[in-house]
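The values are calculated or read from the model by the stated rules, or taken from the named source; none is laboratory data. A quick note: this is a predicted structure, and the numbers were derived from the prediction, not measured. With ideal geometry, Cβ positions are generated from the backbone for all residues, glycine too; neighbour counts draw on all protein chains shown.
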Amino acid sequence: MKKDIAYKLLGLVFIIAGMVACDTASQDTEPVISPDGYPMATITPAATTVAEGDQLIINITTDKMIERSLTFAFTQTGGTADADDYEVTTAVIAPYSKSAQMVITPVIDADITASETLEGEIGVYSIAEKYLLNPNTVNPVNVSFTITNTPSPDLEVSFSWNADVVIDGETYDAADYIDFDFIVCPETGFDISDPWATEIGIYDAATGSHPEHMTLSGLDDGVYLLVADLYYNDFVGYSDGSVKIPIVAYFSRMGTSISDLEVGMNPADMMADNTPGADNEPAGAYNAVIAKVTVAGDNYTITKWDNSTIGPFKSANVNSSRPLNYRR
C-alpha cells in the first residue's frame with residue numbers, strides 16, 4: 001500500500017515539474033523580427049520654390065528592393081494656396097524597383113498675388129503598404145513650397161455686339177440675330193477691302209456664337225489687327241438701318257491685372273442694323289478693325305481705335321475670300 005502511494009506521489013511530482021517547465025518556456029522572450037529586411041525611404045524635393053506652369057520634381061528612393069509596390073501621396077496641411085492652385089501626380093515605386101518621382105505642377109491662374117505657400121505631407125498612407133517600410137523611416141515627411149506668380153503667355157479676347165433693335169414695336173437683341181466672325185491679320189500688308197487675304201488662321205472666334213472668343217498665343221513679334229467680318233444679319237429686310245451695332249472687345253491675361261479690359265470700336269465704323277452679310281447675299285460684306293495688338297516677346301500692347309497709327313479701317317466694298325471650312 002505504501003509502495004503504491006509512493007509511486008503515485010512520484011508521478012504527481014513529474015506532472016507538476018512538467019507543468020512548471022512548460023509555463024517557464026512560454027514566458028521566454030519571443031525572437032524579434034529584424035527591420036533590416038524592410039526598405040528605408042528618402043523623400044527629396046528638387047527645389048522648394050516653383051513658378052506657376054512649371055513642375056516641381058520630388059525624388060523618392062528606397063535603399064532596397066521589395067516584391068511589393070509602395071505608393072506615396074501628397075496631402076496639403078496648410079499654406080495660402082488651395083487645391084485649385086496645383087496638380088499632383090502620386091509616386092509609385094514598382095516591385096523590384098527603388099525609385100519614383102512625384103510631380104507638383106502649380107496652375108497658371110488669374111490671381112496676381114506675387115507668391116503663395118503650399119505646406120503638406122508626403123508619405124505612404126495605405127495601411128497595407130505603410131508596414132512594408134522600415135520602422136525607422138519618417139512617414140509622412142513634412143514639406144513646404146513657395147509658388148511664384150507667372151503671367152499667362154496667352155492673351156484672351158472676347159467680342160460682343162449687343163444692341164436693341166426695334167421692329168414693329170418689338171425689341172430684339174442684335175447679338176441674337178447678327179453673326180460676326182473675328183480674324184487676326186498682320187498690320188503689314190493689311191487691306192481692309194480683302195482682310196481674308198492676310199489673316200493668319202486663328203478661327204477660334206468664328207463659331208456662330210455670342211460672345212465670340214479667341215486666344216492669341218505663340219505669335220511672332222509684330223503688330224496684329226483684330227478684324228470683324230459680318231457673316232449674316234437676320235434684320236435685313238426688316239430693319240431700317242437706324243441702329244448702329246457696337247462691337248466691344250474684352251482683353252484678359254491670367255496672372256496680370258488685365259482682366260476684361262474693355263476696348264470699343266470706332267463709332268464711325270459701326271454697322272447699320274440693315275447691312276447684309278456674306279451669307280445674306282453674295283455682294284453683302286462688312287469689315288471693321290476693332291483694335292490693334294502689338295506683340296514683343298511676352299508683352300502685349302493693346303491700342304484703341306483712336307490712336308493715329310490705326311486709322312478708321314472700314315470698307316463697304318470687300319472681297320470676301322474666306323477659306324473653305326474655316327467655321328467650326
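Considering the stretch 167-185, the residues that are part of a strand (DSSP E or B), in contact (Cβ under 8 Å) with a residue 24 or more places away in the chain and not acidic (Asp, Glu) include one that is surrounded by the fewest Cβ atoms within 10 Å (Cβ to Cβ), namely Ile167. Asp204: surrounded by 14 or more Cβ atoms within 10 Å (Cβ to Cβ) and closer than 30 Å to Gly297 by Cβ, yes or no? For Asp204, the condition - surrounded by 14 or more Cβ atoms within 10 Å (Cβ to Cβ) and closer than 30 Å to Gly297 by Cβ - is met.
Kindly establish whether Leu219 is surrounded by 14 or more Cβ atoms within 10 Å (Cβ to Cβ) and either of a type in the set (S, T, N, Q) or outside any loop (DSSP other than H, G, I, E, B) (or both).
Working: surrounded by 14 or more Cβ atoms within 10 Å (Cβ to Cβ): yes; either of a type in the set (S, T, N, Q) or outside any loop (DSSP other than H, G, I, E, B) (or both): no.
Taking the combined requirement at face value, the residue does not satisfy it.
Is at least one residue of the stretch 59-71 touching a residue at least 40 places away in the same chain (Cβ under 8 Å) and under 21 Å from the mean Cα position of the chain (by Cα)? No, the stretch 59-71 has no match at all.
When you check Phe145 against the structure, is it closer than 30 Å to Lys64 by Cα and modelled with pLDDT of 95 or more, yes or no? Please lay out each step first, then the result.
Values: closer than 30 Å to Lys64 by Cα: yes; modelled with pLDDT of 95 or more: yes.
It is true that Phe145 is closer than 30 Å to Lys64 by Cα and modelled with pLDDT of 95 or more.
Taking strands (runs of 3 or more DSSP E) as the structural unit, those lying wholly within the stretch 46-133 and holding at least 2 residues that are at pLDDT 95 or above, within 30 Å of Ser152 (Cα to Cα) and charged (D, E, K, R) correspond to 115-123. Yes or no: the stretch 115-137 includes at least one residue that is crowded, with 18+ Cβ neighbours inside 10 Å, under 28 Å from the mean Cα position of the chain (by Cα), charged (D, E, K, R) and not assigned by TED's automatic domain parsing to the domain that holds Pro276. Yes, the stretch 115-137 has at least one match.
Only a single item in (1) free of Cβ contacts under 8 Å to residues at least 12 places away in the same chain; (2) crowded, with 18+ Cβ neighbours inside 10 Å is not met by Ser209, and it is number (2).
Look through Tyr224, Tyr250 and report the one residue that is surrounded by fewer than 19 Cβ atoms within 10 Å (Cβ to Cβ), in contact (Cβ under 8 Å) with a residue 24 or more places away in the chain and farther than 24 Å from Glu170 by Cα. Spell out how you get there, then give the answer.
Values: Tyr224 fails: surrounded by fewer than 19 Cβ atoms within 10 Å (Cβ to Cβ).
Among Tyr224, Tyr250, only Tyr250 is surrounded by fewer than 19 Cβ atoms within 10 Å (Cβ to Cβ), in contact (Cβ under 8 Å) with a residue 24 or more places away in the chain and farther than 24 Å from Glu170 by Cα.
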